[in-house]
Amino acid sequence: MNFKVLKSKIGFAAEVFGIDARQNVSQEHKIELTRLINEYAVIIFKNQKINDDQQIKFSENFGTIEPAGTNTELTKMKDRRLSLKMNDVSNLDKNNKPLAKSNQNRIFGLGNRLWHTDASFKKKPVTFSILSGRKVSAKGGETEFCDMRCGYKALSKEMKNKVENLIGEHSLQYSRGKLGFVMKDVLSKKELEKFKPVLQPLVRKNSITNRKSLYLSAHLGLIKGWELADSILFINDLIEICACSDYIYSHKWEENDLVIWDNTQVMHRGRYFNDQKEVRDVRRTTIAGTEMLIDQ
Ligand code: OGA
Ligand code: MN
């Protein structure tokens, strides 16, 4: 069975028709959807009015759900708006009111505005993310995607050789540090232990398509064995190559859009919206990785 697929101008994002995320997905459809996500890396379903349970069930077609961050005491269980299977990517507190400017959870969440792949700081990094737009902002708040396969392809032969065996160190400390969030000032020693960098290769190969891509993220802060300053400059250069405007798909949200992306092949970032005036309630489920890419 083939779904009707409408490819975006940019090529790696596509709208897929013929799915109702509230319904069971047949084995045949599951295989076809998985193939499409691997092939394109961003797929969009319109008009999917779902609740959290339906989102969780639909997501489980693609693997096991990675629980939302429990690494810190930043969001205490009692302050959580959503269950642990859901990542709250909204600008809301548990009473559905916008988080104040200086709220630490808001500031932590602003990390989503940096180019990143989700949870690359896990020893077994996550695969797909599934984001549901329950309420979207009237102005701004797009999600942008860039293709790390094109980024890899654009490298010179010399650069391809250079990156092939490099190892990156990923941690939330690096991404949040970029926004001036000094984790060691707000977290206990025990919590900080959980943010020890994990190692990931800089180049990945997709097992279905055999296409190679860079594996970058705002969480990537150091190249193993390199000086910090050299690492930062090198990583910035690679991110710039991937995020060149020729390769960007910008998703302009409409209510009830459901977007799935493959964190192993694309980076993404949220764009500015007025989070003090507007409500943007987007909720993410994330599929756990099944393998460690290199020994830690
Ligand atoms: C995410 C994310 C960006 C956005 O859900 O992982 O980074 O536009 N979202 O909300
Ligand atoms: Mn993200």
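Residues are listed down the side, and each one gets a yes or a no for (1) farther than 16 Å from TYR215 by Cβ; (2) within 11 Å of ligand 1 (Cβ to nearest atom):
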site	(1), (2)
LEU238	no, no
CYS244	yes, no
ILE248	yes, no
ASN256	yes, no
ASP262	no, no
VAL266	no, no
GLY270	yes, yes
PHE273	yes, yes
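The residues listed here are ILE223, ILE208, ILE260; of these, the one that is under 15 Å from the mean Cα position of the chain (by Cα) and of a type in the set (A, V, I, L, M) is ILE260. Taking (1) within 17 Å of the chain's Cα centre (by Cα); (2) small (Gly, Ala, Ser); (3) closer than 20 Å to VAL282 by Cα in turn, ALA21 satisfies each apart from (1).
Looking at LEU99, LEU92, LEU110, just one residue is surrounded by fewer than 23 Cβ atoms within 10 Å (Cβ to Cβ), more than 25 Å from ILE50 (Cβ to Cβ) and of a type in the set (A, V, I, L, M, F, W, C), and that residue is LEU110. The sole residue among ILE107, ILE65 that is more than 18 Å from ASP281 (Cα to Cα) and either of a type in the set (A, V, I, L, M) or in contact with a Phe, Trp or Tyr (Cβ under 6 Å, 6 or more places away or on another chain) (or both) is ILE65. For segment 257-275, the candidate set comprises residues that are within 11 Å of ligand 2 (Cβ to nearest atom) and in contact with a Lys or Arg (Cβ under 8 Å, 6 or more places away or on another chain); within that set, the residue that is farthest from CYS244 (Cα to Cα) is GLY270.
Do we have any residue at all in segment 17-29 that's within 16 Å of ligand 1 (Cβ to nearest atom), closer than 25 Å to GLU142 by Cα and either touching a residue at least 12 places away in the same chain (Cβ under 8 Å) or charged (D, E, K, R) (or both)? No: zero hits. Within segment 257-289, being over 20 Å from LEU36 (Cβ atoms) and not basic (Lys, Arg) holds for GLY270, TYR272, PHE273, ASN274, ASP275, GLN276, GLU278, VAL279, ASP281, VAL282, ALA288. Scanning segment 88-117 for residues that are within 16 Å of ligand 2 (Cβ to nearest atom) and in a loop (DSSP other than H, G, I, E, B) turns up VAL89, SER90, ASN91, LEU114, TRP115, THR117. Screening LYS190 on (1) out of contact with any Lys or Arg (no Cβ under 9 Å at 6 or more places or on another chain); (2) in contact (Cβ under 8 Å) with a residue 24 or more places away in the chain shows it passes everything except condition (2). All conditions but one from (1) more than 11 Å from ligand 1 (Cβ to nearest atom); (2) on the phi > 0 side of the Ramachandran plot apply to PHE121; the one that does not is (2). Taken over segment 83-109, the criterion of being at pLDDT below 95 and within 14 Å of ligand 1 (Cβ to nearest atom) is satisfied by ARG106, PHE108, GLY109. Per this entry, LEU214 is counted among residues that are closer than 18 Å to VAL163 by Cα, away from ligand 2 (no atom under 16 Å from the Cβ) and either touching a Lys or Arg at 6+ places or on another chain (Cβ under 9 Å) or among the acidic types (Asp, Glu) (or both).
Here is a yes/no grid of residues against (1) of a type outside the set (Lys, Arg); (2) touching a strand residue (DSSP E or B) at 6+ places or on another chain (Cβ under 6 Å):
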site: ARG211; (1), (2): no, no
site: LEU214; (1), (2): yes, no
site: ALA218; (1), (2): yes, yes
site: GLU227; (1), (2): yes, no
site: ASP230; (1), (2): yes, no
site: LEU233; (1), (2): yes, no
site: ASP237; (1), (2): yes, no
site: CYS242; (1), (2): yes, yes
site: SER245; (1), (2): yes, no
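The values are calculated or read from the model by the stated rules, or taken from the named source; none is laboratory data. This one's a predicted model, so the numbers in the text were calculated from it and none came from an experiment. Counting neighbours? That spans all protein chains shown, and the Cβs are built from the backbone with ideal geometry, glycine included.
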